[in-house]
Amino acid sequence: MKCWAGLLIVILLVFCPPANGAAVRITDDPGGRIGKYIYKYERLRASGQNVIIDGFCASACTIVLATIPTDRICVTSRAELAFHAAWDIGPRGRPVTNFGATRTVYLMYPSPVRRWIAQRGGLTPRTIFLRGNPLQAMYRSCPS
């Protein structure tokens, strides 16, 4: 009996490999260094996994929109994206806008996201939030 069970497990593993399309869920990500997120999301894109945005995704986290194909992203009613200009630490530890990085990130976003940002004055030190109906109009809702 143990032999048959072992054989069945081997057959299942060979002919039914684990799905690499499992979803990654974003729930509370305040962002961070842009390079780290580009690297993280490039690897995620290559994995074939889908992304569920199910909460707060701010700053560099929003690079997910620029890296993962739109058809592999879904949003829940709790999804909230926060955008602002990229910055570096300047004199006395104060943030200083990095215009080059801001422009690079802005140009990475899909055109509907860029239009939405532009309609709100662009990426500035002031944070703008994309959620609710405007977000649902750009990305599909996650299945229940």
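The values are calculated or read from the model by the stated rules, or taken from the named source; none is laboratory data. Nothing here was measured: the structure is a model prediction, and the numbers come from that model. When we count neighbours, we look across all protein chains shown, and the Cβ atoms used for this are built from the backbone with ideal geometry, even at glycine. Accessible surface areas use protein heavy atoms only, side chains included; no ligands, DNA or RNA. Shrake-Rupley method; radii C 1.70, N 1.55, O 1.52, S 1.80 Å.
Does GLY93 satisfy being loosely packed, with under 11 Cβ neighbours inside 10 Å and at pLDDT 95 or above?
no
So that you can scan it fast, the table gives a plain yes or no per residue for (1) under 14 Å from the mean Cα position of the chain (by Cα); (2) in a helix (DSSP H, G or I); (3) of a type in the set (Ser, Thr, Tyr); (4) closer than 18 Å to GLY35 by Cα:
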site: SER77; (1), (2), (3), (4): no, no, yes, no
site: VAL96; (1), (2), (3), (4): no, no, no, yes
site: THR102; (1), (2), (3), (4): no, yes, yes, yes
site: LEU107; (1), (2), (3), (4): no, yes, no, yes
site: PRO112; (1), (2), (3), (4): no, yes, no, no
site: ARG115; (1), (2), (3), (4): no, yes, no, no
site: ALA118; (1), (2), (3), (4): no, yes, no, no
site: LEU130; (1), (2), (3), (4): yes, no, no, no
site: LEU135; (1), (2), (3), (4): yes, yes, no, no
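So, in the range 96-144, of the ones that are under 17 Å from GLU80 (Cα atoms) and of a type in the set (Phe, Trp, Tyr), which residue ends up most open to solvent (accessible area, probe 1.4 Å)?
PHE129
Give just the number: which of (1) open to solvent by less than 90 Å² (accessible area, probe 1.4 Å); (2) assigned to a helix (DSSP H, G or I); (3) not polar (S, T, N, Q) does ALA85 not satisfy?
Result: ALA85 fails condition (2) only.
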